[in-house]
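**Q** My questions will all concern the structure given below.
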Amino acid sequence: MAQRAIREYDAKKMLERLWPAYLGDVAVFGGKAVAVTPLTDWDRLEGENPWLQREKLVVKPDQLIGKRGKHGLILLDADLPAAKRWVQERMGKPVTVGQVTGVLDHFIIEPFLPPSREYYLAVKSDRDGDTIYFSPEGGMDIEENWDQVISIPVPVATNVENVPVAEKLPAGLISQERTFFPPFIKGIFKFYSDLHFAFLEFNPLAVTGNRVVPLDTKARLDDTAFFEVGKKWGDISFPPPFGRPPSKEELYIKELDEGTGASLKLTILNPKGRVWTMNAGGGASVIYTDTIVDLGFAEELANYGEYSGNPSQEFTYKYARTILDLFTREKDPQGRPKILIIGGGIANFTDVAETLAGIIQALTEYKDRLQAVNARIYLRRGGPNWQEGLRRMKEVGKTLGVPMEVHGPEMHMTRIVSLALQERQA
């Protein structure tokens with residue numbers, strides 16, 4: 001699973017478009033929104049959305065920025081001229097949020113709702129399944145009031161209709177809330193699951209009778225599901241984290257990804273990091289990344305990504321070459337070995353020998369540079385034709401001049417990470 005954040009506007013328009021299919025019998029969607037970019041024609045925007053001139057408005061940047069209210073990045077209860085002026089004063093200007101500085105270029109405008117009861121609702125996925133989070137006390141202080149949030153686990157392959165949501169709700173809810181929220185939460189979960197979200201949060205969520213408005217929404221999708229549900233997603237984008245424009249290598253891999261039916265993903269976390277990964281499979285990439293972090297190497301983790309869907313030898317070579325080029329640019333400042341983990345689960349249909357052939361081609365090409373950075377390579381792989389693939393990898397390992405360990409499915413997935421990182425001060 002490659003979790004990628006989407007804009008609030010895109011999440012809300014997706015919810016609005018698919019609401020009747022999942023929640024049409026439960027509640028009315030009360031949200032409206034428009035997106036504003038440097039290319040926005042304000043006259044056309046107003047003409048197509050007359051409510052902008054009738055209603056009080058909320059304006060905020062839509063660039064994956066957290067805690068916008070606490071950073072003074074929300075305009076409340078404004079008329080259209082004030083909203084337009086607020087956007088124009090900030091469009092294209094740098095702003096610092098915490099320790100990150102970026103340029104504002106995307107905004108979302110919505111109707112302003114007077115203060116009312118604010119709820120919190122979220123769904124999050126992890127390796128054990130999904131978890132629903134709910135609280136009747138939502139808002140910007142939710143983290144400080146996390147003890148009031150109840151969690152409802154939904155194990156893998158469990159039908160949410162069989163989950164006792166009503167029994168898990170907080171005791172203090174009134175009768176109307178206890179009637180409304182169980183089917184509403186289940187409908188949201190079905191939407192979440194069917195559309196392959198990895199995270200979806202409404203905070204706060206305004207509910208008046210059966211009219212629901214998500215006032216603030218955060219969402220991440222499993223982008224490896226694009227070929228399955230991309231049409232339902234609609235015209236969405238995956239923007240880079242605020243303050244970090246995509247590198248030329250990330251853009252190159254994105255271009256490769258768009259040119260194949262397979263999946264090729266790359267996010268550079270720390271180009272000076274000592275631990276790099278080249279993982280086969282979205283689920284495997286999450287497990288390997290979590291294990292590296294759990295072992296205390298989060299600050300040294302250089303990248304996140306995956307190749308999956310049976311990419312050809314050529315595409316795998318280009319993917320591997322890109323990572324190896326980044327991996328071998330600089331020695332570790334402290335003189336320690338640099339670690340490359342070539343990981344993966346047990347593939348269902350990917351030809352392991354063919355994909356490893358592409359990686360072998362790249363490793364051979366970068367032989368001298370691998371030696372120069374004192375590389376150590378650890379591989380674990382299984383699936384169709386894995387024996388031949390690992391045999392070839394062991395053969396090339398004898399010629400690279402750097403330590404390499406090669407393991408098949410007999411090695412536990414996370415054990416290879418422990419082997420690679422066991423000598424922290426090596």
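**Q** If I ask for residues that are surrounded by 17 or more Cβ atoms within 10 Å (Cβ to Cβ) and more than 24 Å from Asn203 (Cα to Cα), which ones from region 45-101 would you list?
**A** Passing the criteria: Leu80, Lys84, Arg90, Met91.
**Q** Between a residue in region 383-404 that is more than 11 Å from Leu356 (Cβ to Cβ) and any residue that is assigned to a loop (DSSP other than H, G, I, E, B), which pairs come within a Cβ distance under 6 Å, given they are 6 or more apart or on different chains?
**A** Pro384/Asp351
**Q** Take region 203-251 and flag every residue that is assigned to a strand (DSSP E or B) and more than 17 Å from the chain's Cα centre (by Cα). Even if it seems obvious, please write down each step before you answer.
**A** If we filter region 203-251 for residues that are assigned to a strand (DSSP E or B), which is where we start, we get 203-208, 211-214, 217-222.
Residues satisfying the conditions are Asn203, Pro204, Leu205, Ala206, Val207, Thr208, Arg211, Val212, Val213, Pro214.
**Q** Please work out which residue is surrounded by the fewest Cβ atoms within 10 Å (Cβ to Cβ), limiting yourself to region 405-425 and to residues that are farther than 18 Å from Thr277 by Cβ and touching a residue at least 24 places away in the same chain (Cβ under 8 Å).
**A** Among those that are farther than 18 Å from Thr277 by Cβ and touching a residue at least 24 places away in the same chain (Cβ under 8 Å), it is Gln425.
**Q** Is it the case, given these coordinates, that Ile292 is within 17 Å of the chain's Cα centre (by Cα), over 18 Å from Val352 (Cα atoms) and among the aliphatic types (A, V, I, L, M)? Outline the logic, then answer.
**A** On the way: within 17 Å of the chain's Cα centre (by Cα): no; over 18 Å from Val352 (Cα atoms): yes; among the aliphatic types (A, V, I, L, M): yes.
Against the criterion (within 17 Å of the chain's Cα centre (by Cα), over 18 Å from Val352 (Cα atoms) and among the aliphatic types (A, V, I, L, M)), Ile292 does not qualify.
**Q** When region 385-404 is examined, which residues are found to be surrounded by fewer than 17 Cβ atoms within 10 Å (Cβ to Cβ) and either more than 14 Å from Leu340 (Cα to Cα) or of a type in the set (D, E, K, R) (or both)? I'd like the intermediate steps shown before the answer.
**A** Keep residues of region 385-404 that are surrounded by fewer than 17 Cβ atoms within 10 Å (Cβ to Cβ), which gives 385, 387-388, 391-392, 394-395, 398-399, 401, 403.
Within region 385-404, Asn385, Gln387, Glu388, Arg391, Arg392, Lys394, Glu395, Lys398, Thr399, Gly401 qualify.
**Q** Could you run through region 102-123 and say how many residues are surrounded by fewer than 17 Cβ atoms within 10 Å (Cβ to Cβ) and of a type in the set (Gly, Ala, Ser)?
**A** Total meeting the criteria: 1.
**Q** For region 89-100, which residues satisfy the criterion of being of a type in the set (Val, Ile, Thr) and at pLDDT below 90?
**A** Step one: filter region 89-100 for residues of a type in the set (Val, Ile, Thr), giving 95-97, 100.
Selection gives Val100 alone.
**Q** State yes or no: is Leu356 touching a helix residue (DSSP H, G or I) at 6+ places or on another chain (Cβ under 7 Å), surrounded by fewer than 19 Cβ atoms within 10 Å (Cβ to Cβ) and modelled with pLDDT of 90 or more? Please lay out each step first, then the result.
**A** Working: touching a helix residue (DSSP H, G or I) at 6+ places or on another chain (Cβ under 7 Å): yes; surrounded by fewer than 19 Cβ atoms within 10 Å (Cβ to Cβ): no; modelled with pLDDT of 90 or more: yes.
So Leu356 does not fit the description; no.
**Q** Yes or no: region 269-288 includes at least one residue that is of a type in the set (Val, Ile, Thr), assigned to a helix (DSSP H, G or I) and either within 16 Å of the chain's Cα centre (by Cα) or on the phi > 0 side of the Ramachandran plot (or both). Can you show your working first?
**A** First, pick out the residues of region 269-288 that are of a type in the set (Val, Ile, Thr): 275, 277, 286-287.
Those still in the list that are assigned to a helix (DSSP H, G or I) too: 286-287.
Still in the list and also either within 16 Å of the chain's Cα centre (by Cα) or on the phi > 0 side of the Ramachandran plot (or both): 286-287.
Yes: one or more hits.
**Q** Also, quick follow-up: Can you tell me which of Ala362, Ala420, Ala347, Ala375 is in contact with a Gly (Cβ under 9 Å, 6 or more places away or on another chain) and closer than 28 Å to Gly283 by Cβ?
**A** Details: Ala362 fails: in contact with a Gly (Cβ under 9 Å, 6 or more places away or on another chain); Ala420 fails: in contact with a Gly (Cβ under 9 Å, 6 or more places away or on another chain); Ala375 fails: in contact with a Gly (Cβ under 9 Å, 6 or more places away or on another chain).
One residue alone meets the criteria, Ala347.
**Q** Shifting gears a bit: Go through region 252-268 and count every residue that is in a helix (DSSP H, G or I) and touching a helix residue (DSSP H, G or I) at 6+ places or on another chain (Cβ under 8 Å). Before the answer, list the steps.
**A** Initial filter on region 252-268 (in a helix (DSSP H, G or I)): 252-258.
Cutting the leftovers down to touching a helix residue (DSSP H, G or I) at 6+ places or on another chain (Cβ under 8 Å) gives us 252-253, 256.
Within region 252-268, residues that are in a helix (DSSP H, G or I) and touching a helix residue (DSSP H, G or I) at 6+ places or on another chain (Cβ under 8 Å) number 3.
**Q** I would also like to ask the following. Give region 293-314 a look and list any residue that's over 24 Å from Pro384 (Cα atoms) and either surrounded by 24 or more Cβ atoms within 10 Å (Cβ to Cβ) or in contact with a Phe, Trp or Tyr (Cβ under 9 Å, 6 or more places away or on another chain) (or both), or say none.
**A** Quick first cut of region 293-314, residues over 24 Å from Pro384 (Cα atoms) only: 293-304.
Those that are over 24 Å from Pro384 (Cα atoms) and either surrounded by 24 or more Cβ atoms within 10 Å (Cβ to Cβ) or in contact with a Phe, Trp or Tyr (Cβ under 9 Å, 6 or more places away or on another chain) (or both): Leu301, Ala302, Asn303.
**Q** Now a separate question. Kindly indicate whether any position in region 318-334 is in a strand (DSSP E or B) and farther than 16 Å from Asn270 by Cβ. Before you say what the answer is, go through the steps one by one.
**A** Applying the first criterion (in a strand (DSSP E or B)) to region 318-334 yields none.
No, there is no match, as no residue in region 318-334 is in a strand (DSSP E or B) and farther than 16 Å from Asn270 by Cβ.
**Q** Among the residues of region 335-353, write down those that are assigned to a strand (DSSP E or B), under 26 Å from the mean Cα position of the chain (by Cα) and crowded, with 21+ Cβ neighbours inside 10 Å.
**A** Of everything in region 335-353, those that are assigned to a strand (DSSP E or B), under 26 Å from the mean Cα position of the chain (by Cα) and crowded, with 21+ Cβ neighbours inside 10 Å turn out to be Ile339, Leu340, Ile341, Ile342, Gly344.
**Q** If I ask for residues that are of a type in the set (Val, Ile, Thr) and free of Cβ contacts under 8 Å to residues at least 12 places away in the same chain, which ones from region 149-205 would you list?
**A** Filtering region 149-205 down to residues of a type in the set (Val, Ile, Thr) leaves 149-150, 152, 154, 156, 158, 160, 163, 165, 174, 179, 185, 188.
Across region 149-205, the qualifying residues are Ile174, Thr179.
**Q** Another question about this same structure. Could you say whether any residue in region 191-206 is of a type outside the set (D, E, K, R), within 26 Å of Gly98 (Cβ to Cβ), surrounded by fewer than 20 Cβ atoms within 10 Å (Cβ to Cβ) and assigned by TED's automatic domain parsing to the domain that holds Gly139?
**A** At the first step, the residues of region 191-206 found to be of a type outside the set (D, E, K, R) are 191-193, 195-200, 202-206.
Imposing the further condition that a residue be within 26 Å of Gly98 (Cβ to Cβ) reduces the set to 197-200, 202-205.
Keeping just the survivors that are surrounded by fewer than 20 Cβ atoms within 10 Å (Cβ to Cβ) gives 199.
Next, only the ones that are assigned by TED's automatic domain parsing to the domain that holds Gly139 stay: 199.
Scanning region 191-206 turns up at least one residue that is of a type outside the set (D, E, K, R), within 26 Å of Gly98 (Cβ to Cβ), surrounded by fewer than 20 Cβ atoms within 10 Å (Cβ to Cβ) and assigned by TED's automatic domain parsing to the domain that holds Gly139.
**Q** Moving on. Of the residues that make up region 81-88, is at least one of a type in the set (Val, Ile, Thr) and either more than 22 Å from Ala219 (Cβ to Cβ) or touching a Leu at 6+ places or on another chain (Cβ under 8 Å) (or both)?
**A** If we filter region 81-88 for residues that are of a type in the set (Val, Ile, Thr), which is where we start, we get 87.
Those left that are additionally either more than 22 Å from Ala219 (Cβ to Cβ) or touching a Leu at 6+ places or on another chain (Cβ under 8 Å) (or both): 87.
The answer is yes; a qualifying residue exists.
The values are calculated or read from the model by the stated rules, or taken from the named source; none is laboratory data. This is a predicted model, so every value here is computed, not measured. When we count neighbours, we look across all protein chains shown, and the Cβ atoms used for this are built from the backbone with ideal geometry, even at glycine.
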